Structures are given as C-alpha cells and as structure tokens.
1. Taking the criterion of being assigned to a helix (DSSP H, G or I), under 30 Å from A:Leu218 (Cα atoms) and modelled with pLDDT of 85 or more, would at least one residue in the stretch B:171-193 satisfy it?
2. Would the stretch A:195-208 turn up any residue that is within 22 Å of A:Arg80 (Cβ to Cβ) and touching a Lys or Arg at 6+ places or on another chain (Cβ under 9 Å)?
3. Quick check: is even one residue across the stretch A:119-131 touching a helix residue (DSSP H, G or I) at 6+ places or on another chain (Cβ under 9 Å), within 14 Å of chain B (Cβ to nearest Cβ) and of a type in the set (Asp, Glu)?
4. Any residue at all in the stretch A:140-163 that is outside any helix (DSSP H, G or I) and more than 17 Å from the chain's Cα centre (by Cα)?
5. Can you tell me how many residues in the stretch B:23-40 are β-branched (Val, Ile, Thr), surrounded by fewer than 16 Cβ atoms within 10 Å (Cβ to Cβ) and within 24 Å of the chain's Cα centre (by Cα)?
6. I'd like the full set of residues that are touching a Gly at 6+ places or on another chain (Cβ under 9 Å) and either without any contact (Cβ under 8 Å) to a residue 24 or more places away in the chain or not small (Gly, Ala, Ser) (or both), limited to the stretch B:99-116.
7. So which helices (runs of 4 or more DSSP H) are wholly in the stretch B:1-113 and hold at least 3 residues that are of a type in the set (S, T, N, Q) and at pLDDT 90 or above?
8. Just to be sure I understand the filter: pairs with C-beta atoms under 7 Å, separated by 6 or more residues or on different chains, first member in the stretch B:117-129 and over 11 Å from B:Thr157 (Cα atoms) and at the interface with chain A (Cβ under 7 Å from one of its Cβ atoms), second member part of a helix (DSSP H, G or I) and not small (Gly, Ala, Ser). Which pairs pass?
Amino acid sequence: MTSFNLNNSPFWAAVWAIVWKDLQIEKQTRQTISVMSMFSLATVIMFNFALEANLAAARQVATGLLWSTILLAGTLGLNRSLAIERENQTMEAVLMAPIQRGAIYLGKVIGITLFTLILELILIFVFIIFFDKPLWRPPVLLVLFLGTVGYIAAGVIVTSMTIQTRTREVLLPVLLLPLSLPLVLPAAMAVAAYMFPQTPPFAEVQSPISIVIIYDLLMLSAGFLTYHYVVES
Amino acid sequence: MELTRLNRNIRILNWVTAVALVIALGMIFFYAPVERTMGNVQRIFYFHVASAWVGAVAFFVALAAGLLYLRKPDRKWDTVAVASVEIGLVFLTMATVAGSVWGKPAWNTWWEWSPRLTLITIAWLTYAAYFMLRGAIEDEEKRARFAAVYVIVAFVTIISTYISIRILRDIHPVIFGGTLESAQGAEQGLQEFAPGLESTRMVITLNASVAAFSLLYVAWLANRIRLQRLIDQTNALKIRLVARLQGGNA
C-alpha cells in the first residue's frame, strides 16, 4: 500500500511525474496561464467599470474582487488543464500505468495550484498598482496559498466529473462556486483583516485561518479517497 | 408483493406523523408560554429550529448513503441519497423562510448577510447543484457513482459551515453545540432567546417539535423511496413491453 516516505517511494514519484508532465505541457503551449491572466485582467477592468472609477469604493471591496477574480479564473484553468487530458486521451494512458489514483489526484492538484499561484502573483501586482493595498504582506500570501490549495482540491474532483457530462464547461462553475464559498468566505475575511495599516493581532484572524486549514485537509482527503471512482469508466 | 406490504407500513407511518405534527402544532400554540421580550413571534422558533435540524440530518443521511454506494454499488443507496437530498433542501428552505419571517421583527430586516445566513444560502445552492449534476449524466451507473462522490464532497462544506457558524462572530444565536465566543458575538440575539429557553415548557415544546419533524422526515423518505421503486418498476415494464412488441414484429 501507500508509503508516505518522501524519498524514492513509487507513490511520490508518480505524483511528481504528473506535476512535471503538466509543467512540460504548459511550457510548450503556454495556454493555461495566459488564458487565466488575460481573463483576470479583463475581469479587473470590468470591476473598475462597474465601480464607476470610484477608487474609494474599489479599495474597500478590493479583497472581495481579488478572490472573485481568482475563483473565476480558476474555473478556466481547471477546465483547460483537465480538458487537455481528455482531448488527447492522455488520461487513459495515465490510468493504464500501475499507479494509485490518489497519486494522479495529488499531482493534478499540485500542478493546477502552481498555475493558479503564478496567476495570483500577477494579480497581486495588478491590485497593488490599481487599488494600493498592502497585499504583499507574508500572512496575506499564506492565506492566499491556503485558500488556493482548498479551492483547487475541490476543483480537480468536481472538474473530473463535469468534463465527463453532457453540459461540460457550463456545469463546472454551477457546482464549484457554491462548494468553494465556505472556504473563500473565511479566507477573504482573513485577508481583509490585513488590509489595515497596522497588523491585526493573531487572535483576530485565528478563527478564519483555522477554518481554511480544516477545509483544505478535509477536501484533500475527500478528493484523494474518491478520485478513483471519478476517473474509472 | 413486497410493494403492498411496504404500502401498509407507509400508510401507518403517514398517519402517525400527521398526528404527531398536529400535537406539536398544538403545543407550539397552546402549551408553550408567551416569550417575554418577543411575544408570540417567538413561536416561529420551534418550527425554525426543527426544520433546520431535519435539514442537517437529511444531508448526513445522504452522505452515509453516498459512502455506502461507493463501498458496494447498490441502486437502493442511490435512491436513499436522492430522496434525502430532496427532502433536506425542502427543510432547509422552510428553515430559511421561517427564519426570515422571524428576522423581520427580531432584527428589523428580512435578511442579513452575516456569515451564518450567507453560508446557509451557499449550502442550499450546493445541494441544488446536486440535481444539476445528476441531470447532466445519462448513464445510470455513472450518475449514481458521481452523485455519491458529490454528496461526500458537498458534506465537507457542511462541516466547514458548521465550524464557521460556531467560531465566527454572527448576529444569529447558536442553539446546538454553541461555544461561549459565538454566544458573545450574538449578544443581540442572546438577550432575546438563546438561553431563552428559560421555561421547561419551552424545552418540552422544542423537543416535541423536533421529534414530530423528524418523523415527518422519515415518512417523506419512505414515501419517496417507494415512489422511486415504482418508477423503476414502470421503466422495467416499459422495456419489457417494447422488447415483446419488437420481438412480435420480427
């Protein structure tokens, strides 16, 4: 069975092979990250338009805008990354390999999380320029990272199902956005707490951050254990 | 044969539930005392809490059915899961509507985007999406399998909602398994009713109401499962009929 020994265990070798494969595909095509970034920029500009260039209002809701943009761009990245597997039938090939399904799941989660984190770095830069918010603070980056892990953990399992249905891309946001909001709500609360000039006491952000971590762990375990039932045909 | 026996049991269950609901309703209006600060409006409480309770139980049953289906793919577990999610959604809607009607006199607003109310709306959407997923898959076995995975994933959000409700500050009071911190956050609601079950008659009425609603859940579940079996039987008969007719023509 699974051995969680990091060195040379077949399980982790499989995980890193999947991650490496996704990074190689991205290096060749540059599709996922470029689509996500273009979409995000368009979204941010659209939000500005909706707020009628009212900078004061935009600044107040900036953390909410940041999370909304990440969620929407995330659905694109998930669809792209998992649809490629189906179009080229690479998933069938991967499934033929004698590796655990959980390893494929973890590999996909790590790969798409990396793409989303790169997107977030771009977005943070954009938001600092447009909304003048201290988003570079290390705790903010940590919360963004934790939130992204949970979101993609839910996303990989849901997208693996939706791409096998009749309605495909349309169904993903309908399923994934409600599923991820219990994660994003506390994460956005924690980020918002760090937007004031003075750093908040840890006690204030402790509750939301612990909810985010619990969600991450539960969703990763649920995905890890059920992925097998989603990819088998 | 099996269905007729089921029918009789379900009929008995339906009558017992109807009587229990009448008793609970009678207790809410005539046995429970008038609450001091809120007056008669507080009687919504018994209805609201009981519906919310059944909603939570229904989603838990759906989770259990999903896990059992994945362990051993048997159609009956899929039927239980669908039935339970359907009923859970109805009860969640009832709890939300009742809460909103109560919110108007208590908070002077129908709706407040507090974490708890927001998360409950999200939970409603999560389980409504369950039917969208089912509707998009034609293959029966695959539909049941994906639906089972989805209820498990959806329940993760229920757990995190449950925790959020208990540790984030909120206007809404906590009734089941509350902590001191959340109670402090809910001071506005607290004065009105949270420890507010000061009288034994209130506690008895609440318990009777929860019991009656739980019975209603069981009765609905039984009826819904029976309905699903009838649908399956009809479909099987249709297929046989078509096969017979085609065979006759050939």
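1. No, because not a single residue in the stretch B:171-193 is assigned to a helix (DSSP H, G or I), under 30 Å from A:Leu218 (Cα atoms) and modelled with pLDDT of 85 or more.
2. So in the stretch A:195-208, the residues within 22 Å of A:Arg80 (Cβ to Cβ) come out as none.
The answer is no; no qualifying residue exists.
3. Looking for residues that are touching a helix residue (DSSP H, G or I) at 6+ places or on another chain (Cβ under 9 Å), within 14 Å of chain B (Cβ to nearest Cβ) and of a type in the set (Asp, Glu), one finds none in the stretch A:119-131, hence no.
4. yes
5. Count: 1.
6. B:Pro105, B:Trp107, B:Thr109, B:Trp110, B:Trp111, B:Glu112
7. B:75-107
8. B:Thr118/A:Leu185; B:Leu125/A:Pro178; B:Ala129/A:Val174; B:Ala129/A:Leu175; B:Ala129/A:Pro178
The values are calculated or read from the model by the stated rules, or taken from the named source; none is laboratory data. As the structure is a computational prediction, the values presented were derived from the model and not from experiment. Neighbour counts run over all protein chains shown; Cβ positions are idealised from the backbone, glycine included.
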